[in-house]
Amino acid sequence: MPQNSHWIVRRLTHLDGILLTLVLLLLGVSLAVVASASGQSPVRISGHLINIGLALAVMGVMANVPPHILSKVGPPLYVAGVALLIGVALFGEIRNGARRWLNLGFAFQPSELLKLALPLMLAWYFQRNEGGLRAKHFLVGGALLVVPFLLILRQPDLGTAMMIGASGFYLLFFAGLPWKVIFGGGALIGASLPLVWGMMHDYQQRRVLTLLDPSSDPLGAGYHIIQSTIAIGSGGLFGKGWMHGTQNQLDFIPERTTDFIYAVFGEEFGYFGAILLVGLYLAIVARGLVIAARAPTLFGRLMAATLSLNLFTYAFVNMGMVSGILPVVGVPLPLMSYGGTALITLLLGAGIVMSVATHRQLNKT
């Protein structure tokens, strides 16, 4: 066997087999549901296959980059991401009333970059100060979180801002953020909700009000929630079967290959299918937390734990949104929804988690 082939095999055998298997299972389910949701569209199916192939390739490369090298990428990537967000605020393109994109010869959304840049930056910072963490370090960490959070919220992009905020909070928590600060911050957020409500855009307020009473605007803002909950409810215990969902096939479900793909899944595979899907997500998260617990460095522990809980947050928010228990915020179902950027970002994160596991295994050998 050629030397290059030996190198490739050696690298593949150092990947975390359990996490890789779980990810491939979820991607297989995704391909089947996208095929059904798109009406077996060759363009959608081939596009999804290409996205999956690219994302898996990126994950494989990232899994073999040592964590100490990844940690050095954090600061410049964070600075570049924040600079691009400022560029969006000054020169960004406006689409549907939101300024979220930069024209770099192609449409680029810098907020996607911060989904990885922020945890990398915070993990690098706390690793650097691991020997004597004090309150000032958590204040600096909080400031590093608040800057991109506010810039993204201003675009406005509430869904991405929430995900960025959750990511930063998880990392601060695993770095040792005191419980009294967590409870105090929670109380402060609760007390500031009336002020936050007054600062929200009209469309964001309508989303919250529609969540409370979707029937108030059944053909407008409430349409998405009404149709998705009908689809999920009609699936019953065992579902109507793959490609036999009537709400899906008759085009009642909006954005059914992207943000509302869970409604298609729920209609076709039912309550028990939903339990299995949630179980698959929980298994991926659990494996990531096991890798985090075994990581030899603080950077590895923080990154693996944070990225694992990020996946849980994405799944929880999307399922809650589609089921009508959370406002519609435009968050895709992780590793299920059609779309290249989100898929590559998520599998980049999975690659970093695998890198932490790979680094530990290589140290042992």
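For the range 72-95, does any single residue satisfy the condition of being β-branched (Val, Ile, Thr), without any contact (Cβ under 8 Å) to a residue 60 or more places away in the chain and in a helix (DSSP H, G or I)?
Yes: the range 72-95 contains one or more residues that are β-branched (Val, Ile, Thr), without any contact (Cβ under 8 Å) to a residue 60 or more places away in the chain and in a helix (DSSP H, G or I).
Can you tell me which residue in the range 154-180 is surrounded by the most Cβ atoms within 10 Å (Cβ to Cβ), limited to those that are touching a Gly at 6+ places or on another chain (Cβ under 9 Å) and among the aliphatic types (A, V, I, L, M)?
LEU171
Report yes if VAL65 is surrounded by fewer than 14 Cβ atoms within 10 Å (Cβ to Cβ), closer than 24 Å to ALA350 by Cβ and touching a residue at least 60 places away in the same chain (Cβ under 8 Å), otherwise no. Can you show your working first?
On the way: surrounded by fewer than 14 Cβ atoms within 10 Å (Cβ to Cβ): no; closer than 24 Å to ALA350 by Cβ: yes; touching a residue at least 60 places away in the same chain (Cβ under 8 Å): yes.
Against the criterion (surrounded by fewer than 14 Cβ atoms within 10 Å (Cβ to Cβ), closer than 24 Å to ALA350 by Cβ and touching a residue at least 60 places away in the same chain (Cβ under 8 Å)), VAL65 does not qualify.
Which one of these does GLN40 not meet: (1) crowded, with 19+ Cβ neighbours inside 10 Å; (2) not in a helix (DSSP H, G or I)?
That leaves (1) as the condition not met.
Restricting to the range 233-267, and then to whatever is in contact (Cβ under 8 Å) with a residue 40 or more places away in the chain and aromatic (Phe, Trp, Tyr), can you tell me which residue is surrounded by the fewest Cβ atoms within 10 Å (Cβ to Cβ)?
If we take residues in the range 233-267 being in contact (Cβ under 8 Å) with a residue 40 or more places away in the chain and aromatic (Phe, Trp, Tyr), then TRP242 is surrounded by the fewest Cβ atoms within 10 Å (Cβ to Cβ).
Kindly evaluate LEU347 against the criterion of being modelled with pLDDT of 95 or more and not polar (S, T, N, Q).
Considered against the rule, which asks whether it is modelled with pLDDT of 95 or more and not polar (S, T, N, Q), LEU347 comes out as no.
Name the residues in the range 223-242 that are more than 11 Å from VAL322 (Cα to Cα) and either more than 27 Å from the chain's Cα centre (by Cα) or not in a loop (DSSP other than H, G, I, E, B) (or both), would you?
Within the range 223-242, TYR223, GLY233, SER234, GLY236, LEU237, PHE238, LYS240, GLY241 meet the criteria.
Considering each residue of the range 80-109, count those that are at pLDDT 90 or above and over 24 Å from ARG301 (Cβ atoms), and give that number.
To start, the set of residues in the range 80-109 that are at pLDDT 90 or above comprises 80-86.
With over 24 Å from ARG301 (Cβ atoms) added as a condition, the list becomes 80, 82-86.
Residues that pass the stated criteria total 6.
Select, from LEU309, LEU335, LEU289, the only residue that is assigned to a helix (DSSP H, G or I) and touching a residue at least 60 places away in the same chain (Cβ under 8 Å).
LEU309
Only one of ASP157, ASP202 is at pLDDT below 90, in contact with a strand residue (DSSP E or B) (Cβ under 9 Å, 6 or more places away or on another chain) and within 30 Å of ALA263 (Cβ to Cβ); which?
Answer to the selection: ASP157.
Within the range 273-284, can one find any residue that is more than 29 Å from ILE226 (Cα to Cα), part of a helix (DSSP H, G or I) and either of a type in the set (A, V, I, L, M, F, W, C) or touching a residue at least 12 places away in the same chain (Cβ under 8 Å) (or both)?
There is at least one residue in the range 273-284 that is more than 29 Å from ILE226 (Cα to Cα), part of a helix (DSSP H, G or I) and either of a type in the set (A, V, I, L, M, F, W, C) or touching a residue at least 12 places away in the same chain (Cβ under 8 Å) (or both).
The values are calculated or read from the model by the stated rules, or taken from the named source; none is laboratory data. None of the values given here were measured: they were computed from a predicted structure. Glycine also receives a Cβ, built like all others from the backbone with ideal geometry; neighbour counts cover every protein chain displayed.
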